[in-house]
Amino acid sequence: MNATLGPLELVDGRCVVGDVRRPGGCWVEFREEGLYRHVPAAAEGELIPWNRVMLGLRVIIGRGYPSKGGNYSLRGLLGGLPGFRGRGVGHLDMTLRHPYEDWSVEFGRHHRSYRFTEVLLLDELLKQTVAAGEAHRLADAAWLGDVVARLKPLTAWSNGGIRNAVAGARQAGEPTEA
């Protein structure tokens, strides 16, 4: 995966959400065994196994929750404007099972701005992949890179267009049987 999709990127062969290059920053790594949260103050991060993640992952850009269920808070929108670029945080929200709990993990924003469409496409990609029982595939850099390459140039704005684009990219990324 050489392209990025919003806060998602490949760094040293690892699929990560957030800016791993920022000193003292936090980010989430997609590993085969689950989500691994890197926290600067902790000696060791926290691993959430994929089988605990249910109902998809939600990408929120900005601190706190945006109004009316969007993907950006007011601070998140400002973080992408000139003079504010690369500031602030985002987070992944999810519901975990055993025990059931709402869980949110923070990640540091990159210095580049995130296109609104990219954040929506990433959000849908995470949601569909978890719903299909394939969350572990998010750690597969080759598969994820292929899907991201198909999604990156898109500018779909309708919910149906985004859902269909992600479903098509996920299906096109499947290996063909000989």
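No value in this document is a laboratory result; all are computed from the given coordinates. These numbers come from a predicted model, not from an experiment. No Cβ is skipped: glycine too gets one built from the backbone with ideal geometry, and neighbour counts run over all protein chains shown.
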Spin-label proximity, residue 111 to segment 12-30 - amide N less than 12 Å from point 7 Å beyond Cα toward beta carbon: 21-23
Other-chain or far-sequence residues with amide H under 5 Å of residue 35's (modelled H): 48, 50
Virtual spin-label span in nm between residue 47 and residue 142, 7 Å along Cα→Cβ: 2.3 nm
Relative contact order computed over segment 94-176 (Cα-Cα under 8 Å; 6+ residues apart), in percent: 27 percent
